[in-house]
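One structure is given here, and the rest of the page talks about it.
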Amino acid sequence: MKTIPEYQELFKKGEITPTGLLTNCLKKINPSLNAYITVTEELARKGLKKDSKGKLRGIPIAVKDNINIKGVPTTCASNVLKGFIPPFSATVIERIEKNGGIFIGKTNLDEFGMGSSTERSYYGPTKNPFDETKVPGGSSGGSAAAVSSGSAVISLGSDTGGSVRQPASYCGLVGLKPTYGRVSRYGLVAFGSSLDQIGIIGRNSVDVGIMLEVIAGYDPKDSTSSKKEIDDYSDLNEVSKNIKIGIPEEYFKHIDPGVHSSVMEIKRRIEKEGISFKSVSLPTTGYIIPTYQVISYAEASSNLARYDGVRYGLRKNGESFHDTIRKSRDAGFLPEVKRRILVGTFVLSSEAIAEYYERADLIRRLITQEFNEVFREVDYLLTPATPTPAFPIGERTDDPIRMHVPDRMTAGANLAGLPAVVAPAGMIGNLPIGYQIIGKPFDEKGILSIVRLVEKMAPFEGFLKEVRDE
Amino acid sequence: MSEYRPTIGVEVHAQLKTETKLFCGCPVAFGEEANTNVCAICLGLPGVLPSLNKKAVELAIKAGLALNCEIHTKSIFARKNYFYPDLPKGYQITQYRFPIATDGKILVEGKEIRIKRVHLEEESAKSIHETDKSLIDYNRSGVPLIEIVTEPDIDSPDMAVAYLKTLQKILQFESISDAVMARAEFRCEPNISVSKEEGKLGTRTEVKNLNSFKAVKNSLSSEIKRQIGILEAGEVVEQATIHYSEETGKTWVARSKEKSSDYRYFPEPDLPPLNVDKKWIEEIKATLGELPGRKKEKYISLGLSKEDAKIISSSSAASSLFEEILKLVNEPLEVSKWILRDYRSLGGPDISAASFAEMIEMVLSGEISRNAGAEVLAEMTRTKKAPKQIVKEKNLAQISDSNALEKIVREVLDENPDESTRLKKGEKKLIGFFVGQVMKKTKGKADPKEVSRIISEYEKKY
Ligand SMILES: [Zn+2]
């Protein structure tokens, strides 16, 4: 399992060529996993022709199909965007191109990012490369399955409530959700605008750090992006012994015993490096899922209003303007998206807004405040990434509440805008599970460095070799 | 009927005078080919985000200041959600609970009209309905607007029109908006109720789609009659949106309030709160011109007649030129004459105050005649050349050298023997005739005062 700098070294020595790497990746696209909605071989080959010396030169990258690449269909795994080809690329895509990265394909997701399993896609479910009867997680399941199965070296996803981190956990990968505002959202199709961040799924922290260095930073096209200088994320070798890591007790309740012991094992290893831990409490943890649901559904109901069949995408003609809009939307969206639009519309309606949206907004502020207070006592938080390993395909599709259960670990970082990373903690049976490090705003370097520290102590290549060896 | 008192408030949407749209870089232009001034952002394509136009914020603040409002250092954009084909995102970005300016007032014919709020928002696209299809032009989509809302302080249709005219003039004068009604840059939506009891308001209706001041006045008069008719019949006025037909002069209920949509306003997550610092507000305040009324008073105090002061103060171009010239030539009456007569007869050309002042100075010092001055001004407008250069090129310098003039006077006397004999006999009225002849001979370059003096002396000699 090679890192991006190792590939660059091999390219330089001439031991492998970018074309060879791309061919190898294309060969590893496994149709039965259904990781890709569109494979962009031609675009990738065109990218190789450009003489680039960037950090990502010749690296095949998979992109979640809710991030625009100019000239390539963006489907968001929805029928409503049928035939839509964006005339512009997302800012992150432009930055990757400038650094020599090449795009191998657009990956599957839950429609518009709404789900935790990549089963709710118009293009069918994606399967977990470790066990094809299990979900890969979601909504960035395609991006995780692509990296896990070796068809992409690294991938982009989007994380609204855990959509990058939870699939990383289920597929044995490193998944980063940066601080809100660290990475431009321009060109990412919005789901919950105040929660969405483009994230990265990679094989290791080094690759993720390099990708972050490429895509992070202020973008005048995204008014919510931060002007704060970016760090040197490719150097993750320093972890101060003086840091303190918090263990929030609420995150260790109602979880699989195997998850518990694996995360505790990670804690033990970090402690061995002389870093101290402290038990902390985040009492609002129980409110995370309902708060996340109300806010993300409300924003989604508005963000998805533009899919009306008038300008692009699917159109079903009706008797009148409004009838056409109604018929197009009815035919375009799958049931889960409709459910969220309906709930989101309700929570913003004049009779319900005070009870739901405004209350959720208030609780969100309390949750944020609580994180801020805990971060006065400790520098980082260690939690499980998910309460269980990947669940069977079909198990939760009719149960929206159970489907949201994994969000319990991850959505807090979205509500509070904090950076969080998930990395492999071990295996339960044949399925990987991950741990999560949450940091203070803009401390991506810090959380990735802790992951790097753990990686160095115990490379996880052993148990992942089978699926990921080239 | 006379005991019913109307209570009127007005909402105005005015298009801000910016080069580009509110949230994208597309040009704002009128009358261009459909769907040419559009981009991914104003078409609301998936993945786009808005970036706020600073100039639009500046103009909204300026409007707030011109209307004596409190400017809020923090305001918040909100989404107004509804489905309509001309609304590409399915929501309009506007300001709801926290507008940029509130609590203003302006004087209209001596009466104070309170301004409730001024807020920024984006324009929707334009639907064009044909018999078998509808077309949409997105050129207007995202054009910056301000909405200006009054308190219900207006008590007659005439007063409503007076308020609108004053508001329009302020926006135009301050270069906030061109406010041309025919281009939909200034749209009025009055709301009105009638009541018999002092201090108690009736149910109000909103009148939409009014394209002229006349329509505002007539629709309000018609709506007052309609509401009184309903109340007199013992029925109740329902809250509704009212339309007005210019052909019939009648109003009718277009949509009753029960059917009205729930816009589900919530803070726009794609735009952080709009923070403006006090220093910037002060800078904008400093750019505010004086309003026409105040200017007129000032000009009268400089010695101009009421009528002249009114004419100059009502045009922002003329008044700023007037004031600029005064800084260089402090002769208000002289300068006002040039502005009122020559500048206006040339159609108010774009002319530099410095050149204009230079020309006036030349006239005042006797270097050129008044007539030559007018010619210089016309030539300056055409060629943008400096006055001195024009005088030189066209040989317009006044002849005031008495020796030269005396020679010409003698020539003229010789050429007109009859008249010169009569002049010698003391027929004084012929002085004018000879001055005219000298002016003719010199093509207007002679200093008429000097000529007149020389001729008079001749007359006295004999
Ligand atoms: Zn545009």
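Details
- For the stretch B:151-307, the fraction of alpha-carbon pairs lying more than 27 Å apart is 47 percent, rounded to a whole number.
- Scanning residues 5 or more positions from A:TYR36 or on other chains, those with amide H under 5 Å from its amide H are A:ASN108, with H placed 1.01 Å from N in the peptide plane.
- Put simply, the Cα atoms of the stretch A:29-104 extend 39, 29, 17 Å along their principal axes, the longest span coming first.
- Residues in the stretch A:222-240 occluded by at least 50 Å² - accessible area, probe radius 1.4 Å, against chain by itself: A:SER223
- Efficiency of FRET from Cβ geometry, A:ASN24 and A:MET1, R₀ 22 Å, rounded to 0.05: 0.95
- Interface residues of the stretch A:183-208, defined as those losing at least 50 Å² of solvent-accessible heavy-atom surface relative to the isolated chain (probe radius 1.4 Å), are listed as A:TYR186.
- The dipole here belongs to the protein assembly as shown: it is taken about the Cα centre, uses +1 on the Cβ of Lys and Arg and -1 on the Cβ of Asp and Glu, and is about 1280 debye.
- If the chain linking B:LYS428 and B:LYS443 were pulled fully straight, counting 0.36 nm for each residue of separation and taking away their Cα-Cα distance, it would gain 3.0 nm.
- Largest first and in whole Å, the equivalent-ellipsoid semi-axes of the stretch A:165-244 read 22, 17, 12, each the square root of five times a Cα gyration tensor eigenvalue.
- For A:GLY426, the amide hydrogen comes within under 5 Å of the amide hydrogens of A:ILE433, counting only partners 5 or more places away or on other chains and with H modelled in the peptide plane.
- Charged side chains reduced to their Cβ positions (Lys and Arg at +1, Asp and Glu at -1) give the stretch B:5-283 a dipole of some 260 debye around its Cα centre.
- Per-residue extension of 0.36 nm, minus the Cα-Cα distance of B:GLU361 and B:LEU346, leaves a gain of 3.4 nm for this segment.
- Couplings 3J(HN,Hα) for the stretch A:403-415, derived from phi with the Karplus relation 6.51 cos²θ - 1.76 cosθ + 1.60 (θ = phi - 60°), are 4, 7, 3, x, 4, 3, 7, 10, 5, x, 5, 6, 4 Hz, where x marks Gly and Pro.
- Of the residues A:PHE191, B:PHE433, the one with the largest accessible area comes first in the ranking B:PHE433, A:PHE191, computed with a 1.4 Å probe on protein heavy atoms.
- A:VAL174 accessible area, 1.4 Å probe, all protein chains in place, Å² to nearest 10: 0 Å²
- Apolar share of the accessible surface for the protein assembly as shown: 50 percent from carbon plus sulfur atoms, 1.4 Å probe.
- Per-residue HN-Hα couplings for the stretch A:381-390 [Karplus 6.51, -1.76, 1.60; θ = phi - 60°; Hz; x = Gly/Pro]: 10, 10, 9, x, 7, 9, x, 9, x, 3
- Longest to shortest principal axis, alpha-carbon extents of the stretch B:402-461, angstrom: 29, 19, 18
- Each Cα pair of chain A feeds into the Kirkwood radius, which the Stokes-Einstein equation turns, at 20 °C and 1.002 mPa s, into a diffusion coefficient of 98 µm²/s.
- Translational diffusion coefficient (Stokes-Einstein; Kirkwood radius from C-alpha pairs) of the stretch A:289-369 at 25 °C, 0.890 mPa s, in µm²/s: 179 µm²/s
- Placing a pseudo-label 7 Å from each Cα along the Cα-to-Cβ vector at B:LYS394 and A:ASP330 gives an inter-label distance of 7.7 nm.
- Taking a straight line from the alpha carbon of B:LYS445, these lysines sit under 22 Å away, with near neighbours fewer than eight places off in the same chain left out: B:LYS337, B:LYS385, B:LYS388, B:LYS392, B:LYS394, B:LYS407.
- Dipole axis of chain A (+1 Lys, Arg; -1 Asp, Glu on Cβ), positive-most option in A:SER163, A:ALA352, A:LEU362: A:SER163
- Two-site FRET efficiency, B:GLU3 against B:GLU246, from Cβ-Cβ distance with R₀ of 45 Å, rounded to 0.05: 0.90
- Gain in span if fully extended, A:LYS227 to A:ARG376, counting 0.36 nm per residue against the direct Cα distance: 51.2 nm
- Ellipticity estimate at 222 nm from DSSP helix runs (n ≥ 4, -39,500 (n - 2.57)) divided over the protein assembly as shown, nearest 500: -11500 deg cm²/dmol
- Chains A and B together bury some 2900 Å² of accessible area, summed over both sides, with a 1.4 Å probe.
- Rg(Cα) / (2.2 N^0.38 Å) computed for the stretch A:244-293, rounded to two decimals: 1.33
- Largest first, the extents of the alpha carbon coordinates of chain B on the three principal axes equal 99, 58, 51 Å.
- P(r), alpha carbons of the stretch A:234-348 - 10 Å bins starting at zero, rounded %: 11, 24, 19, 16, 17, 10, 2, 0
- Remark on B:ALA78: its backbone amide H falls under 5 Å from those of B:THR94, B:GLN95, B:TYR96, B:GLU268, a criterion applied only to residues 5 or more positions apart or on other chains, H modelled at 1.01 Å from N.
- P(r) of the stretch B:22-172 over all Cα-Cα pairs, binned every 5 Å from zero, in whole percent: 2, 9, 16, 18, 16, 15, 13, 8, 3, 1, 0
- Neighbouring Cβ atoms from other chains, within 10 Å of the Cβ of residues in A:298-308, number 6 on average.
- Approximating the spin labels as points 7 Å out from Cα along Cα→Cβ, the A:SER349-to-B:LYS55 distance works out to 4.3 nm.
- The base-10 log of I(q)/I(0) for the stretch B:292-393, evaluated at q = 0.10, 0.17, 0.25 Å⁻¹, reads -0.25, -0.70, -1.39 [Debye formula, identical scatterers on Cα atoms, solvent excluded].
- A 1.4 Å probe run over the stretch B:402-461, with the rest of the protein chains in place, finds 61 Å² accessible per residue.
- Rounded to the nearest Hz, the phi-derived 3J(HN,Hα) couplings of the stretch A:417-427 under the Karplus curve 6.51 cos²θ - 1.76 cosθ + 1.60 (θ = phi - 60°) are x, 8, x, 8, 10, 10, 9, x, 10, x, 10, where x marks glycine and proline.
- DSSP beta bridges fully contained in the stretch B:5-283 are about 95 percent antiparallel.
- In this entry, the stretch B:71-155 is assigned a mean projected area of 8.0 nm², taken as a quarter of its C-alpha convex hull surface.
- Multiplying each eigenvalue of the alpha-carbon gyration tensor of the stretch B:35-80 by 5 and taking the square root yields semi-axes of 28, 14, 8 Å, largest first, rounded to whole angstroms.
- Heavy-atom accessible area per residue - the stretch B:292-393, 1.4 Å, Å²: 51 Å²
- Each residue of the stretch B:143-234 gets 102 Å³ once the volume of the Cα convex hull is shared out per residue.
- A convex hull fitted around the alpha carbon atoms of the stretch A:8-142 yields 108 Å³ per residue.
- Rounded D (µm²/s) - the protein assembly as shown, Kirkwood Rh over Cα pairs, Stokes-Einstein at 20 °C, 1.002 mPa s: 65 µm²/s
- Solvent exposure of chain A, expressed per residue, is 35 Å² of accessible area, with all protein chains present and a 1.4 angstrom probe.
- Violating pairs (Cα-Cα greater than 31 angstrom) within the set B:LYS17/B:LYS384; B:LYS105/B:LYS298; A:LYS2/A:LYS106; A:LYS64/A:LYS456; A:LYS50/B:LYS55; A:LYS127/A:LYS241: A:LYS50/B:LYS55; A:LYS127/A:LYS241
The values are calculated or read from the model by the stated rules, or taken from the named source; none is laboratory data. Because the structure is predicted, anything quoted here is derived from the model rather than measured. Heads up, the Cβs are rebuilt from the backbone with ideal geometry, glycines too, and the neighbour counts pull from every protein chain shown. These area figures cover heavy atoms from the full protein model, side chains too; ligands, DNA and RNA do not enter into them. Shrake-Rupley method; radii C 1.70, N 1.55, O 1.52, S 1.80 Å.
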